[in-house]
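Report on one structure; see the data block that follows.
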Amino acid sequence: MTKRKLPSNASVATKAEGDKLVAPAASRNAAALSELLAGIAPTSGRALELASGTGQHIAAFAKRLPGILWQPSEIVPERRASIDAYSTGSPNIAPALHLDATTEAWHMSIQRQDLVVLINLLHLISWPETRTLVTEAARALRPGGQLVLYGPFMRSGQLTSDGDQKFHAALTQQDPEIGYKNDTEMLALLQEVGFARVEVTEMPANNLALIAREPAI
Ligand SMILES: C[S@@+](CC[C@H](N)C(=O)[O-])C[C@H]1O[C@@H](n2cnc3c(N)ncnc32)[C@H](O)[C@@H]1O
């Protein structure tokens, strides 16, 4: 992907102990996301997280769902080091992979997954990159697998809070190709790439979780 110019508040992570980084947003939403996944994930199998960031989320998910083997991934080396620092001592978290989720054909380099999770990236990439990411995620799943996309979205083309309007404007000012995606266009894209059912769940801070299920053949 092209290196994107982002506003300073778009992907905040500060140094903590050793290689660990802390993202305030991840500290706030890890519990709600763990609960969401606990309600839908299988009790065993494989899960891939795209754009894992600091690794705070995958550490929480692996604790909440210990029967799943979790594969974190990231493009930034400092963040992969942080992910590995958080996963030290967790037998069900693999070492962080270098995976650019917006490149064609990445699904061919990984094993089939029961679950693919993406948190807070779609508003930072373009629509063509979003299409590639969702298509590749669909191909990475085994039949009956699930894709969870979490983040801020427009609702039927509308930005529904002051904070969302300001954040979307800051993003598009830095880079007109990025910004909030529309929930209705996401639902159409998920159907187009073959997901049989998509459930939309309202999450704290006006975010959405789109839970897409592959047909079980
Ligand atoms: C806003 S942060 C979200 C991180 C984490 N998912 C979370 O919610 O705490 C976006 C993350 O996506 C990573 N990233 C950006 N572009 C990416 C890409 N094309 N493929 C994989 N990761 C990417 C960034 O390095 C950053 O860690």
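Here, each number is a calculation from the coordinates, and none is a lab measurement. Quantities reported herein were computed from a predicted structural model and do not represent experimental measurements. Here the Cβ positions follow ideal geometry from the backbone for every residue, glycine too, while neighbour counts run over all protein chains shown.
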For I178, the lone unmet condition from (1) closer than 18 Å to I40 by Cα; (2) assigned to a loop (DSSP other than H, G, I, E, B) is (1)
Suppose we filter A94, A47 for residues that are within 15 Å of the ligand (Cβ to nearest atom) and not β-branched (V, I, T); which single one remains? A47
Residue count for region 18-44, restricted to those that are of a type in the set (D, E) and either touching a residue at least 40 places away in the same chain (Cβ under 8 Å) or within 12 Å of the ligand (Cβ to nearest atom) (or both): 1
Single residue of region 58-78 satisfying the filter (over 16 Å from L36 (Cβ atoms) and within 11 Å of the ligand (Cβ to nearest atom)) that is surrounded by the most Cβ atoms within 10 Å (Cβ to Cβ): P72
For region 59-80: of the residues being under 11 Å from the mean Cα position of the chain (by Cα) and not acidic (D, E), which is nearest to I125 (Cα to Cα)? S73
Check V134, V193, V198 and return the single one that is over 23 Å from A26 (Cα atoms) and in contact with a Leu (Cβ under 6 Å, 6 or more places away or on another chain). V198
N120 versus (1) surrounded by fewer than 19 Cβ atoms within 10 Å (Cβ to Cβ); (2) on the phi > 0 side of the Ramachandran plot; (3) near the ligand (Cβ under 10 Å from one of its atoms): which is the lone unmet condition? (1)
For region 22-45, name all the residues that are touching an Asp or Glu at 6+ places or on another chain (Cβ under 7 Å) and either at negative phi or not in a strand (DSSP E or B) (or both). P42
If I ask for residues that are of a type in the set (A, V, I, L, M), part of a loop (DSSP other than H, G, I, E, B) and more than 17 Å from the chain's Cα centre (by Cα), which ones from region 1-21 would you list? L6, A16
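For every residue, the table says whether it meets (1) in contact (Cβ under 8 Å) with a residue 12 or more places away in the chain; (2) surrounded by fewer than 16 Cβ atoms within 10 Å (Cβ to Cβ); (3) in contact with a strand residue (DSSP E or B) (Cβ under 7 Å, 6 or more places away or on another chain).
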residue: G144; (1), (2), (3): yes, yes, no
residue: L159; (1), (2), (3): yes, no, no
residue: E177; (1), (2), (3): yes, yes, no
residue: D183; (1), (2), (3): yes, no, yes
residue: L189; (1), (2), (3): yes, no, no
residue: E192; (1), (2), (3): no, yes, no
residue: R197; (1), (2), (3): yes, yes, yes
Output the number of residues of region 101-117 satisfying the condition of being buried (at least 17 other Cβ atoms within 10 Å of the Cβ) and within 11 Å of the ligand (Cβ to nearest atom). 4
Taking G55 as meeting all but one of (1) surrounded by 21 or more Cβ atoms within 10 Å (Cβ to Cβ); (2) under 24 Å from V198 (Cα atoms), write down the number of the exception. (2)
Could you check region 1-16 and list, in sequence order, the residues that are charged (D, E, K, R) and in contact (Cβ under 8 Å) with a residue 24 or more places away in the chain? R4, K5
